[in-house]
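Step one of this worksheet: look at the structure below.
The values are calculated or read from the model by the stated rules, or taken from the named source; none is laboratory data. The structure presented is a predicted model; accordingly, all values stated were derived computationally and were not measured. Backbone-built Cβ (ideal geometry, glycine too); neighbour counts: all protein chains shown.
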Amino acid sequence: MNSIMNDYLFFGVLPYVSLAIFFLVTISRYRQQTFTYSSLSSQFLENKQHFWGSVPFHYGILIVLAGHLIGFLFPSWILSWNAAPVRLAFLEISGLAFGILTLVGLLVIVVRRWMNIKVRRVTTISDWLVYALLILQVSTGLAIAVHLGWGSSWFATSLAPWLWSLLHLSPEVSFIGPLPLLVKLHIINAFVLIGFFPFTRLVHVLVVPNPYLWRKTQVVRWNWDRERLRQS
Ligand code: HEM
């Protein structure tokens, strides 16, 4: 009885609460504090490690999330693609590779933020919280991919229908009940991240066009005498 109640709270109520927070706060922050919609990039404080963290992280996460979206929107395509074992293996291995790319990028980002004193100074508590949630999200995703196997197929048969039931405002929590704890943790943390999103620098994702991924690298020239500055 208790576990049914918990499942209902986590998979029948939490998604709506976090989506409501996401939309309401995102819109009101955009209307009241438009200029806070920024990644507050620290690229100009340090560029080299920034590149090796930011680029793998962004390419990895964008492709992984596109995979989740396709699984949600077109579950029957995924199932027919997966009907051939070689295609199933290709999909699973690619998902895993992009997940690893995401985690590596994320770890470089976090280590850089901690090790570089200038960058650490401009890092807020909300940034550290976002990194912790992202590490948990990406590592539980990878653990599912490694330990539970063929996730793309059972995503299509049990998670996509649950997500659709949420969209139709009649959550079918029974799809989630029998799933392993790891999967539940991955889903709960995803909705915590979604609810926290509008309070953080992650809002930059919503400001399109987002040219970071293809624009030329920026050259920043300091217009001061560094030597004199160091001595003063
Ligand atoms: C903030 C949102 C999310 C992020 C950043 C995220 C991230 C990831 C990552 C990095 C992986 C490993 C790479 C892969 O194998 O595809 C993964 C796998 C997975 N995720 Fe998510 N995820 C999110 C939300 C969700 C949600 C809401 C669900 C379910 C409703 C979900 C279900 C899964 C499943 C089933 C796998 C295993 C896929 C497989 O083994 O092929 N994820 N996720």
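Search the stretch 146-161 for residues being near the ligand (Cβ under 7 Å from one of its atoms) and crowded, with 19+ Cβ neighbours inside 10 Å, and hand back the single one that is nearest to GLY12 (Cα to Cα). Top of the filtered list is LEU159. Residues in the stretch 173-191 that are surrounded by 15 or more Cβ atoms within 10 Å (Cβ to Cβ) and either under 30 Å from THR124 (Cα atoms) or touching a Phe, Trp or Tyr at 6+ places or on another chain (Cβ under 6 Å) (or both): VAL173, PHE175, ILE176, VAL183, LYS184, LEU185, HIS186, ILE187, ILE188, ASN189, ALA190, PHE191. Scan the stretch 107-147 for residues that are of a type outside the set (S, T, N, Q) and touching a Phe, Trp or Tyr at 6+ places or on another chain (Cβ under 8 Å) and the total you get is 8. When only residues in the stretch 15-29 that are out of contact with any Ser or Thr (no Cβ under 7 Å at 6 or more places or on another chain) and under 13 Å from PHE199 (Cβ atoms) count, which is modelled with the lowest pLDDT? If we take residues in the stretch 15-29 being out of contact with any Ser or Thr (no Cβ under 7 Å at 6 or more places or on another chain) and under 13 Å from PHE199 (Cβ atoms), then SER28 is modelled with the lowest pLDDT. Pairing each residue of the stretch 59-82 that is touching a residue at least 24 places away in the same chain (Cβ under 8 Å) with any residue that is acidic (Asp, Glu), provided the two are 6+ apart or on different chains, yields C-beta distances under 9 Å for ASN82/GLU92. Of all residue pairs spaced 6 or more apart or on separate chains, those with beta-carbon atoms under 7 Å, a first member in the stretch 193-214 that is under 20 Å from ILE125 (Cα atoms) and hydrophobic (A, V, I, L, M, F, W, C) and a second member that is at pLDDT below 80 and more than 16 Å from the ligand (Cβ to nearest atom) are VAL203/TYR37. Residues that are in a helix (DSSP H, G or I), near the ligand (Cβ under 9 Å from one of its atoms) and over 30 Å from ARG29 (Cβ atoms) within the stretch 172-203 comprise just one, VAL183.
The single condition among (1) more than 11 Å from the ligand (Cβ to nearest atom); (2) without any contact (Cβ under 8 Å) to a residue 60 or more places away in the chain; (3) assigned to a helix (DSSP H, G or I) that LEU169 does not satisfy is (3). At least 2 residues being modelled with pLDDT under 95 and closer than 27 Å to VAL219 by Cα is the threshold, and among the helices (runs of 4 or more DSSP H) wholly inside the stretch 44-151 those reaching it are 48-73, 85-115, 117-121.
Can you pull out every residue in the stretch 71-86 that is surrounded by 14 or more Cβ atoms within 10 Å (Cβ to Cβ) and more than 9 Å from the ligand (Cβ to nearest atom)?
PHE74, PRO75, ILE78, LEU79, TRP81, ASN82
Inspection of the stretch 116-134 identifies at least one residue that is closer than 29 Å to ASP7 by Cβ and of a type outside the set (A, V, I, L, M).
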